[in-house]
Amino acid sequence: MARLFRETVEIVNAADYTKEQRQAWAGTKPDPALWHEKFAKTDTIVAEDNGKILGFGNMDADGYLDMLYVHHAYQKMGIAREICARLEAGCGAERFSVHASITAAPFFEKQGYQIRKRQQVVRKGVVLENYKMEKYKK
């Protein structure tokens, strides 16, 4: 999952973020303990085909969608939409939120999320723009 995350950031987000920004975002070497802790505390869904991870996402009990990534070769096939819908359906929160990249914001808008705030976050001394987005359960 960490490799899929890094590759997705490097390839899919290249149109919206510089190489320096993508490296600050995805890093070079993930900490397995931090990743395990993150996913152990959240509802996590992994989409796979014959053992190959196509995408994954996770959401906490408060409705915060922390990560949603799909392999670059499997974009626009409904995988992210399905993962997002399942995470929302399995969560008891009345409101969902996400910090969406410039690249991902249009996807989340199609899922009913609305931009609440444009943000500039600093990762490893590099400024990255993203959007705080929210959606209320129907």
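All of the numbers you see were taken from the coordinates with simple rules; none came from a lab. Given the structure is predicted, the values throughout are model-derived calculations rather than measurements. Don't worry about glycine lacking a Cβ; one is built from the backbone with ideal geometry, like all the others, and counts go over all protein chains shown.
Compactness ratio for the chain: Cα radius of gyration over 2.2 N^0.38 Å (N = residue count) comes to 1.01. Rounded to the nearest 0.05, the FRET efficiency derived from the C-beta distance between residue 102 and residue 53 at R0 = 41 Å is 0.95. Here the contact order of the chain, divided by its residue count and restricted to Cα pairs under 8 Å and six or more residues apart, works out to 22 percent.
Each label point was placed 7 Å from the Cα along the Cα-to-Cβ direction; for residue 37 and residue 1 their separation is 1.5 nm. When each of the peptides 63-74, 117-128, 15-26 is scored by how many other beta carbons lie within 10 Å of its residues on average, the order from highest to lowest is 63-74, 15-26, 117-128. For residue 29 and residue 67, a Förster radius of 25 Å and the Cβ-Cβ distance give a FRET efficiency of 0.90, rounded to the nearest 0.05.
Treating cross-link reach as a plain straight distance, find the lysines whose alpha-carbon is under 17 Å from the alpha-carbon of residue 110, omitting any fewer than eight places away in the same chain. Once the sequence-local lysines are set aside, what remains near residue 110 is 76, 132, 135, 137, 138.
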